[in-house]
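Below is one structure, written out as structure tokens, with a few remarks after it.
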Amino acid sequence: MMLTRRKFTIGWGAFASSTLLDARFGFGDAVSAHTPLPIPTLIDAAKQGNAVNLKAASGRHAFIEGKPTRTYGYSAPVLGPVIRLRRGDEVQMSVENALNTVTTVHWHGLLAPGHNDGGPQQLIQPGEIWRPVLKINQPAATLWFHPHPHHDTARQIYMGLTGLIIVDDGSDARLDLPRTYGVDDLPIILQDRSFDSDGSIGYHNKDLNALDIAYGARGETVIVNGAIAPVAKVPASLVRLRLLNAANAQNFELRFTDRRTFHVIASDGGFLSAPVMVTQLMISPAERFEILVDFADGEAVALETGPDEEMGVFGRLAPDGSADYVTVMQFEPTLTKSLVKRAPDRLPELAATTLASAVQRRQFVLDSGLCAGRQQAGSHRDIPALIGINGRAFDPTRVDVETKLETTEIWEITSIGMAHPFHVHGALFRILSIEGAPPPAHLTGWKDTVLVEDKAELLVTFNQPATREHPFMYHCHILEHEDAGLMGQYVCVY
Ligand SMILES: [Cu+2]
């Protein structure tokens, strides 16, 4: 029932119940925010013998002061640690499932074989421990990890199961980038939640209705690292933000209140070839961007997010529908520490995209069943006609695509009904075209997730093996779409 209410607060904000308009945690109420930005524990794998233990368990966390609620986390009440892994290392992971339900852990963006990828077949039963050995062999990047059990991914992530991975290849020091974790190198995990009046964030699969699935779960309150409108005290210098959109469905349209420019230096798979200066940045579910923000002027400033333009009237965040932009978090520069002063002019060179190498062109039509009145529309108006890819819903027993190891292919993605953030496991891609045009500069680097409004062409590189027993997934990262079947699977062999 709670999701029905969420739908109305998002879609028909003007009529939202006044109980939601609690000024203490309302959007746009920047001046009242005092919660310090929570900084997740850093696990530096190399400093502990490249053995990392994670425990997925339920906990309690007060998003709203004095109103703790039931949550899930990895070795924490909510969210999880930031794990730093070094390129070239072999890491013994151990994931204990202390939940009372089955889970998996997917290393999103990590280049690992299918049997280590943590997809829906890699189930960890309650009480069991999964012990994959991860060989880290990819350039520096910000990745993340989250559950992937089919039909329960959305709920488990919503309850708090999300952590970050930093792949370190030594380039931070070479490029003199901000790199002091928790000081001038900050993880920024962006999510949105709906809170009941008692502060709880219940999410019940059985209560999902057709519209919840169609639009994905969207809340009226943005949280950053599990806190509402937190404040980060930062040095009055250049600060690196590792942005992750870990929302179930919401696109964030980020800018600073004073419209300052900032540099985008990396996307999902690693560095861009040069910093890209922007004043606004859209980040869709599962995407990561690393940005450099200059706080040398010592002025406090807020990061804010605008309406989700992909959602039309459903994209407004403010509970009363009044504000276009709402506060995500604040930054308060302190003059005591001054670290890196300026952004580098150049970053590591990116390989040119060579179309000639592509051995296949494939088409993927993502349909969330939103187009009412289509031929295949069901007899009942509230039930989406079809949620699936190329006319087929996910079937764990069916392999949809067979790729060859060490080849590249052009994947043409078409969205029907609404914009879908398309994600490929086990591979990185470059965007050849998006909405009929070459990609904007900040989307020219390596990616594993891309928001497709109408159409995108991707050059996908396959370097990781996956068998029929442990195939890779490709899917929409609106988690309710994924759980409802907007997912396919591929193998990758010689
Ligand atoms: Cu989707």
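Filtering the range 387-416 to residues that are buried (at least 20 other Cβ atoms within 10 Å of the Cβ) and within 15 Å of the ligand (Cβ to nearest atom) leaves Ile387, Gly388, Ile389, Phe394, Ile413, Ser415.
Number of residues in the range 469-494 that are assigned to a loop (DSSP other than H, G, I, E, B), within 11 Å of the ligand (Cβ to nearest atom) and either out of contact with any Leu (no Cβ under 7 Å at 6 or more places or on another chain) or open to solvent by 10 Å² or more (accessible area, probe 1.4 Å) (or both): the value is 3. Do we have any residue at all in the range 198-214 that's closer than 22 Å to Met329 by Cα, in contact with a Leu (Cβ under 8 Å, 6 or more places away or on another chain) and outside any loop (DSSP other than H, G, I, E, B)? Checked the range 198-214: no residue is closer than 22 Å to Met329 by Cα, in contact with a Leu (Cβ under 8 Å, 6 or more places away or on another chain) and outside any loop (DSSP other than H, G, I, E, B).
Tell me, which residue of the range 385-430 that is β-branched (Val, Ile, Thr) and assigned to a loop (DSSP other than H, G, I, E, B) is farthest from the chain's Cα centre (by Cα)? Residue satisfying both the conditions and the ranking: Thr397.
For Ile165, are the conditions met, namely being under 24 Å from Thr41 (Cβ atoms) and among the β-branched types (Val, Ile, Thr)? Spelling it out, Ile165 is indeed under 24 Å from Thr41 (Cβ atoms) and among the β-branched types (Val, Ile, Thr). Against the conditions (1) modelled with pLDDT under 90; (2) within 23 Å of Gly298 (Cα to Cα); (3) surrounded by fewer than 18 Cβ atoms within 10 Å (Cβ to Cβ), Val340 satisfies every one except (3).
Look at the range 399-428: where a residue is charged (D, E, K, R) and a partner is within 16 Å of the ligand (Cβ to nearest atom), sitting 6+ places away or on another chain with Cβ atoms under 6 Å, you get Asp400/Gly488. Any residue at all in the range 93-105 that is among the β-branched types (Val, Ile, Thr) and open to solvent by 50 Å² or more (accessible area, probe 1.4 Å)? No, the range 93-105 has no match at all.
On inspection, Pro439 passes the criterion of being more than 22 Å from Trp107 (Cα to Cα) and either assigned to a strand (DSSP E or B) or more than 16 Å from the ligand (Cβ to nearest atom) (or both). Of the residues examined, Glu453 is one that is within 16 Å of Ser284 (Cα to Cα), within 16 Å of the ligand (Cβ to nearest atom) and either open to solvent by 10 Å² or more (accessible area, probe 1.4 Å) or out of contact with any strand residue (DSSP E or B) (no Cβ under 6 Å at 6 or more places or on another chain) (or both). Checked against the criterion of being of a type outside the set (Asp, Glu), open to solvent by 10 Å² or more (accessible area, probe 1.4 Å), within 20 Å of Leu190 (Cα to Cα) and touching a Leu at 6+ places or on another chain (Cβ under 9 Å), the range 270-281 contains one or more residues that satisfy it. If Gln464 satisfies all but one of (1) assigned to a loop (DSSP other than H, G, I, E, B); (2) within 13 Å of the ligand (Cβ to nearest atom); (3) of a type outside the set (D, E, K, R), what's the number of the condition it fails? If we test Gln464 against (1) assigned to a loop (DSSP other than H, G, I, E, B); (2) within 13 Å of the ligand (Cβ to nearest atom); (3) of a type outside the set (D, E, K, R), just (2) comes out false. When restricted to residues that are touching a residue at least 24 places away in the same chain (Cβ under 8 Å) and over 19 Å from Thr353 (Cβ atoms), the range 248-286 contains 25.
The values are calculated or read from the model by the stated rules, or taken from the named source; none is laboratory data. Bear in mind the structure is a predicted one, so any value in this text is a computation, not a measurement. Methodologically, a virtual Cβ is constructed for each residue, glycine included, from the backbone with ideal geometry; neighbour enumeration extends over all protein chains shown. Side chains included, ligands, DNA and RNA excluded: accessible areas come from the protein's heavy atoms. Shrake-Rupley method; radii C 1.70, N 1.55, O 1.52, S 1.80 Å.
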